[in-house]
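This report concerns only the one structure given below.
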Amino acid sequence: MKARSGATGGHDARGSAGPPRPARRRRLDPEEEALWKAVARSARPLHPSRPEPAPPEALPVAQPARPDTPARSPVPAPIAPFRIGAAARPAAAPPQPPAPEGPPALEPRAVERLRRGKARPEARIDLHGLTLAEAHPALTSFLIGAHGRGLRVVLVITGKGRERDEGGPIPIPRGILRQHLPRWLAQPPLARIVQGAIPSHHRDGGEGAWYVCLRRARGS
């Protein structure tokens, strides 16, 4: 009986034993600790720290959109007072420079020589019976050619014009070629070669013809 109870007691002692305790770590002695610190100082990290990214630049603050300012329309001119049924007034045309009425005046001595017949025309052209559209280019060609030949005085016959209007739909003034001749002589291209003009002597046509004096051509 004693032996069985002893065996039973021994079995209970083995069955109540707890889990094994972990082994206690040994502390480093001073020499080992100094060696460990030296190794730790010489160690290189596997992933060195990356440089911190620069802070982003400040973006401009968006300004609220402003409504477009409408362009100011020009102030219209005031309307002149009017009456219903009255005729409209034509708009005033812009001022134009006055057209030259004729070539520059000749020197008195030259005028006197022409009127006394001491200076005779060296060539002549008869525009009598031509229209304005025909007479103008014919006169221009004649005078440019005479100037190129070195002539100084020529006679241009325009005619005195009809004594009365023929009664057409458009009234034609008397002596229309005679009225336009001084204006043609004062305009390009004749203005640069014409020195002056005066009505001719009665033996050369009187009021129906003109003495035209030309400038001296270069090289003549």
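Every number in this text was worked out from the coordinates using simple rules, so none of it is lab data. This is a predicted model, so every value here is computed, not measured. Here the Cβ is made from the backbone with ideal geometry for all residues, glycine too, and neighbour counts use every protein chain on show.
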Quiz item: For the pair residue 38 and residue 218, how long in nm is the line joining their label points, each one 7 Å along Cα→Cβ?
Solution: 11.0 nm
Quiz item: Once amide H atoms are built 1.01 Å from N in the peptide plane, which residues 5 or more positions from residue 205, or in another chain, come under 5 Å H to H?
Solution: none
Quiz item: Using the beta-carbon distance between residue 192 and residue 122 and R0 = 30 Å, what value does 1/(1 + (r/R0)^6) give for FRET efficiency, to the nearest 0.05?
Solution: 0.95
Quiz item: Can you list the residues, at least 5 places off or on another chain, whose amide H is less than 5 Å from the amide H of residue 153, using H built in the peptide plane?
Solution: 122, 214
Practice problem: Would you mind checking which residues have amide H under 5 Å from residue 106's amide H? H placed 1.01 Å from N; only 5 or more apart, or other chain. | Solution: 197
